[in-house]
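Take a look at the structure set out below.
The values are calculated or read from the model by the stated rules, or taken from the named source; none is laboratory data. Treat the numbers as computed from the prediction; the structure is a model and nothing was measured. So basically every Cβ, Gly included, is an ideal-geometry build from the backbone, and we count neighbours across all protein chains shown. Ligands, DNA and RNA are excluded from the accessible area calculation, which covers all protein heavy atoms including side chains. Shrake-Rupley method; radii C 1.70, N 1.55, O 1.52, S 1.80 Å.
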Amino acid sequence: MVEPWQDTTLPAHTRAADLLARMTTEEKTAQLASVWIGASASEADGPDVAPGQHTYASRSAALDALLPYGLGHLTRPFGTVPVEPAEGAERLAALQRTIRAGNRFALPAIAHEECLTGFAAWQATIFPTPLAWGATFDPELVGEMARGIGASMRAAGIHQGLAPVLDVVRDPRWGRTEEAIGEDPYLVGTIGTAYVRGLEDAGIVATLKHFAAYSASRAARNHAPASIGPRELADVILPPFEMAIREGGARSVMPAYNDIDGLPAHAHVQLLTELLRDTWEFTGTVVSDYFGVSLLEAAQKVADGEEAAALLALAAGVDVELPAARCFTPERNLREDLLDRAALRVLTQKCELGLLDPDWEPDTSGAPVDLNPPHLRDLARQIAEESVVLLANDASVLPLGDGQRIAVVGPLADEQAAMLGCYTFPRHVGVHHPGLPTGVEVPTLHEALRAEFPHSDFVTEPADADVVLAVVGDRSGLFGRGSSGEGCDAEDLQLPYGQAEVLDAVMASTTPYVIVVLSGRPYALGRWAGRAAAVVQAFFPGQEGGPAVAGVLSGRVEPSGRLPIAVPRGPGGQPAPYLAPPLGLHGFPSTVDPTPIYPFGHGLSYTSFDWGTPQCEAPELSTDGETTIRLTVRNIGQRPGTETVQLYLHDPVGTVARPEIRLVGFVRVPIEAGAEAEVHAMFPADLASYTGADGRRVVEPGALELRVAASSAQVHHTVPLTLTGPVREVGPERRMRCELRVK
């Protein structure tokens, strides 16, 4: 007889509720638990992902202890130690069979993995880091990448991916800047939502992180408290999460490690329940960041013991404890109503994934598992190529011709680490396995240059060269094992590893030089950029990054990337001024000039474009209306190229101090030499909304300006608008994007 919870014709919530009613307290609690296989090993043999995690893992509930009750999650079966893909898939299938055999309902676990730069498994395709996604300004391509990543994870038996990171960068000294998409909430929300859609389309549960204000920590220190007001939280930090839930269909959210005004995110009722569920109507699961529940007791000191921490987190709205169960364990005395609420959400998600179906079985086909197939490598190449930003080309030295004498200097020219973010398998896990092959081919920039310029003579001294390529930037790592990455925060934005001296020496020579930055954050370049022949920026561009950068230098690849975050002039650690109100910009009140050397949205091409005068369909619209703007862009150069049309909003007068400008729309416009394209932008008045002094989000009548621009600092045209009618309060139903199309 098929029980109601096994009946695939019934709604998932109904099936899950029927199963929940049949469970004991211990069985319910086990659905909130996770096990990290292999993480309880000794310090010498374990994954060493973060300081103290061995201790936490060793004190967590073991699989054998949970088996009679079931299990909610399996943590990183591929991303903890190197394993051949086919062997890993078979191991996971065998583990799922063991879990099913151990509990009376034969329930499997949800297996989750990291997928920030691709499936974080050995021999899987390594994509560019998310800051590079932002540099593409190409949501469609990012969505296609996510579908490919999700398909490979699904084929290996994974159900949930811990990505994307939707933190809006507030201070690039933060080590996890490389994991973020940029410093603008609209860009982060649009690109991040595309990634979510792609992952969810592939059947993988996307997990939004880190909710919220993790990137707004004091002095950009990892885990540090966030000093942030409610309006900045509402207008800068939260919109990407809201967009990814409403438009992307994300089914999971991960709270942040930080506290907001003294209240840790893992214990934040207003954030995890009142806003997320009651206002935004989110129905998925909230999974803790790794040991985030334990940190309520151990670090943030708001709980007296692990059981108290569990109760705080459950009451706030955390449903699953990752990566291993220390607080959400069957022996705890947890409130039954909170337990039921969380377990129902987990079981509903398992039902949506097909894990409650009576015929569910782990894949035992034994088919080869290729995690680095040609189409994923092609996608990695496309994203890498589109993400390279040509910042300057003052002497028109680029593109370089073949047959020159090229000096390549700098410590990162011959390092794979310069291509790979901290959540790639080689930098995250592989560093703990000396001698382990990278698993995929990752050419260094020097190797890629030799392949790109086969007839050039590569020399070591600038005096012997026609041009110098000075390669500087970061090595990614975790918790001090690199200059960029989780826990690798910077005191200032000076280039690390003595690379300033490298650039000083190059600048002192008479040979033209090109600065190539391979990094996880922007670094201060004002000291050298003014005398450089050209400057190129790539944010950890992945396994295809070397050929992509070399292709831009040769002209084989037309540069089309745009900065998702400004490049500072000096190394002082203050945030870039984009999104600042007038008094946050350079001017009379201070002797400090925070103006970046290269602004948000900036990027050059090897061709030139002419922007026609935009036509506005209705320059006067109501506070609930919309208008359309049309613009013709012409390629007046000799080469094909891609221009990125950016639309910024300027509100001359508000009831609170507002950003001078903010991005409200963008589109990439590829145009052949001598050709033109028409861009249509549909602007809804909802995008003029902001959080007022009373905490309400409103659209106000009055004058506005839409600035049609090539960057936040290069405005081609200003389109005046007038909003009419009453002040209008808007909520989660508001339109959150401006649709731009290329005709």
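How much accessible surface area, in Å² rounded to 10, belongs to the heavy atoms of Met736 with a 1.4 Å probe?
Rounded to the nearest 10, the figure is 20 Å².
Can you give the accessible area per residue of region 257-298, in Å², using a 1.4 Å probe?
On a per-residue basis, region 257-298 sits at 32 Å².
With a probe of 1.4 Å, find how much accessible area region 58-99 has per residue, and write the answer as a whole number in Å².
38 Å²
Straight-line reach only, C-alpha to C-alpha below 19 angstrom: list the lysines that Lys350 could link to, leaving out same-chain residues fewer than 8 apart.
Qualifying lysines at Cα under 19 Å: Lys28.
Normalised radius of gyration for region 211-296, please: alpha carbon Rg relative to 2.2 N^0.38 Å, two decimal places.
Cα Rg divided by the expected 2.2 N^0.38 Å: 1.03.
Using a Debye calculation, one point per C-alpha and no hydration shell, please list log10 I(q)/I(0) for the chain at q = 0.05, 0.08, 0.10, 0.11 Å⁻¹ in order.
The calculated log intensity ratios at q = 0.05, 0.08, 0.10, 0.11 Å⁻¹ are -0.24, -0.64, -0.99, -1.18.
Are there GluC sites (Glu not before Pro) in region 667-735 that DSSP marks as loop and that have at most 16 other Cβ atoms within 10 Å, and which are they?
Glu672, Glu733
Using only alpha carbon pairs under 8 Å that are at least six residues apart, calculate the relative contact order of the chain and give it in whole percent.
13 percent
From the gyration tensor of the Cα coordinates in region 403-510, what semi-axes in whole Å does the equivalent ellipsoid have, largest first, with each one equal to sqrt(5λ)?
Here the semi-axes work out to 28, 20, 8 Å.
Carbon and sulfur together cover what percent of the accessible area of region 606-674 at a 1.4 Å probe radius?
45 percent
Rounded to two decimals, what is Rg over Rh for region 562-680 when you use alpha-carbon atoms and the Kirkwood radius?
With Rg and the Kirkwood Rh in hand, the quotient comes to 1.04.
What number results when the radius of gyration of region 626-743, computed over Cα atoms, is divided by 2.2 N^0.38 Å?
After normalising by residue count via 2.2 N^0.38 Å, the value is 1.18.
Could you work out how far helix 85-102 tilts from the main Cα principal axis of the chain, as a 0 to 90 degree angle to the nearest 10?
Helix 85-102 sits roughly 30 degrees off the main axis of the chain.
For helix 185-201, report the angle its Cα long axis makes with the longest principal axis of the Cα atoms of the chain; keep it between 0 and 90° and round to the nearest 10°.
Computed tilt is about 50 degrees.
Quick one, what does Rg over Rh come out to for region 97-177 if you take C-alpha atoms and the Kirkwood Rh?
1.10
Can you work out ³J(HN,Hα) from phi for every residue in region 409-426, in order, using Karplus 6.51 cos²θ - 1.76 cosθ + 1.60 and θ = phi - 60°, giving whole Hz and x for Gly and Pro?
10, x, x, 9, 5, 10, 10, 5, 4, 5, 9, 10, x, 6, 9, 6, 4, x
Apply the Karplus curve 6.51 cos²θ - 1.76 cosθ + 1.60, θ = phi - 60°, to the phi angles in region 342-351 and return the couplings in whole Hz, x for Gly and Pro.
Listing the rounded values in order: 5, 4, 4, 5, 5, 5, 4, 5, 4, 5 Hz.
Excluding Ile515 itself, what net charge comes from residues whose Cβ is under 11 Å from its Cβ, given Lys and Arg +1 and Asp and Glu -1?
Its environment carries a net charge of +2.
What's the carbon and sulfur percent of region 80-196's accessible surface, probe 1.4 angstrom, rounded to a whole number?
Percent of accessible area from carbon and sulfur atoms in region 80-196: 53.
How large a share of the accessible area of region 247-304, in percent, is made up of carbon and sulfur atoms when the probe is 1.4 Å and the other protein chains stay in place?
Taking all protein chains in place, region 247-304 shows 44 percent carbon and sulfur surface.
Of all trypsin sites (Lys or Arg not before Pro) in region 87-116, which ones are in loop regions per DSSP and have a Cβ with at most 15 other Cβ atoms within 10 Å?
Here the trypsin sites (Lys or Arg not before Pro) that fit, given the DSSP loop and packing criteria, are Arg104.
Against the longest alpha carbon principal axis of the chain, how many degrees, from 0 to 90 and to the nearest 10, is the axis of helix 139-156 turned?
The answer is roughly 30 degrees.
So what is the accessible area of region 318-428 per residue, in Å², with the probe set to 1.4 Å?
Accessible area per residue: 35 Å².
Determine the sum of side-chain charges near Pro323: Lys and Arg each +1, Asp and Glu each -1, restricted to other residues whose C-beta is under 12 angstrom from that of Pro323.
-2
Find, among the trypsin sites (Lys or Arg not before Pro) in region 276-326, those assigned to loop by DSSP (not H, G, I, E, B) with at most 15 other beta-carbon atoms within 10 angstrom.
Answer in residue order: Lys301.
With θ taken as phi - 60° and the coefficients 6.51, -1.76 and 1.60, list the Karplus ³J(HN,Hα) couplings across region 280-297 in order, rounded to whole Hz; mark glycine and proline as x.
7, 6, 5, 10, x, 10, 9, 10, 5, 5, 4, 6, x, 5, 4, 5, 4, 8
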